[in-house]
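Read the structure below first, then the notes.
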Amino acid sequence: MSKAILKVNEIVKELSGIEVLHKVSFEVGAGEIYGFLWPNGAWKTTTMKCIMGLITPESGEIEILGDKTLSTETKAKIGFMPENTYLYKYFF
């Protein structure tokens, strides 16, 4: 396996007092394509928001490009386009 560029290790997230992510773990290696193929309501967007630093998991660890703090330098190297973007309503 190639060097992991994304490591998600046992993240736990609660929303409104309900645990929606329970010890989610996976790795994505350099050059790999990884997709979430879960049904609606399976918390794919919540997982991505945790990875992108938009929300904070209660526990667990996320590492992107060797960075566990999601520094400005790391953020400049990644992108995220959610299914429903909230950005455009702020343009006008």
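The values are calculated or read from the model by the stated rules, or taken from the named source; none is laboratory data. What you see is a predicted model; the values in this text were computed from it and never measured. Cβ sites come from the backbone with ideal geometry, for glycine too, and all protein chains shown count toward neighbours. Note: accessible area is taken over every heavy atom of the protein model, side chains too, but ligands, DNA and RNA are not part of it. Shrake-Rupley method; radii C 1.70, N 1.55, O 1.52, S 1.80 Å.
Might you let me know whether the stretch 74-84 holds any residue that is in contact with a Ser or Thr (Cβ under 8 Å, 6 or more places away or on another chain) and in contact (Cβ under 8 Å) with a residue 24 or more places away in the chain? Walk me through it before giving the result.
Keep residues of the stretch 74-84 that are in contact with a Ser or Thr (Cβ under 8 Å, 6 or more places away or on another chain), which gives 82-83.
Within this subset, residues satisfying the condition of being in contact (Cβ under 8 Å) with a residue 24 or more places away in the chain are 82-83.
For the stretch 74-84, residues in contact with a Ser or Thr (Cβ under 8 Å, 6 or more places away or on another chain) and in contact (Cβ under 8 Å) with a residue 24 or more places away in the chain: present.
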Would you check which residues across the stretch 61-74 are open to solvent by 50 Å² or more (accessible area, probe 1.4 Å) and among the small types (Gly, Ala, Ser) and list them? 66
Tell me whether the stretch 38-58 contains one or more residues that are open to solvent by less than 50 Å² (accessible area, probe 1.4 Å), aromatic (Phe, Trp, Tyr) and touching a residue at least 12 places away in the same chain (Cβ under 8 Å). no
Among the residues that make up the stretch 48-61, is at least one of them over 13 Å from the mean Cα position of the chain (by Cα), outside any loop (DSSP other than H, G, I, E, B) and farther than 24 Å from residue 84 by Cβ? yes
Any chance the stretch 11-20 includes a residue that's surrounded by 15 or more Cβ atoms within 10 Å (Cβ to Cβ), part of a strand (DSSP E or B) and among the basic types (Lys, Arg)? yes
Which numbered condition in (1) among the acidic types (Asp, Glu); (2) out of contact with any strand residue (DSSP E or B) (no Cβ under 9 Å at 6 or more places or on another chain); (3) surrounded by 10 or more Cβ atoms within 10 Å (Cβ to Cβ) is the only one that residue 83 fails? (3)
Filter the stretch 21-37 down to the residues that are exposed (fewer than 14 other Cβ atoms within 10 Å of the Cβ) and under 16 Å from residue 80 (Cβ atoms), then identify the one that is farthest from the chain's Cα centre (by Cα). 33
